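So the structure is just underneath, and the comments pick up after that.
The values are calculated or read from the model by the stated rules, or taken from the named source; none is laboratory data. Owing to the predicted nature of the structure, the values given are computational and were not obtained by experimental measurement. Cβ placement follows ideal geometry from the backbone for every residue including glycine, while neighbour counts extend to all protein chains displayed.
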Amino acid sequence: MKGEMPTYFSDMKEPPEFLKALDHARRLSCYEGWCRMHIEAIQVAIDQYAEAALGNREFFLNKPHSIGGSRRTGDVP
């Protein structure tokens with residue numbers, strides 16, 4: 001699994017309804033005015049599910065973007 005790139009929710013063209021619902025719940029949880037501990041518990045539970053089922057704990061978070069090119073010997077000034 002070291003050589004594989006992790007998958008993200010934004011990479012899926014047609015995600016299942018269950019994953020859409022989890023993503024929606026995770027994003028709306030901070031807007032509802034609930035207790036902070038409840039929000040954190042919901043988000044941690046969703047992230048733990050993503051890690052166990054999909055292999056990437058940050059599945060529902062934004063995909064990281066790279067900055068700059070590769071670091072081969074010819075690219076370094």
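Summary table
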quantity: Residues of segment 7-28 satisfying the condition of being under 15 Å from Ile39 (Cβ atoms) and basic (Lys, Arg); calculated: Arg26, Arg27
quantity: Some residue of segment 34-47 being among the polar types (S, T, N, Q) and either at pLDDT below 70 or loosely packed, with under 12 Cβ neighbours inside 10 Å (or both); calculated: no
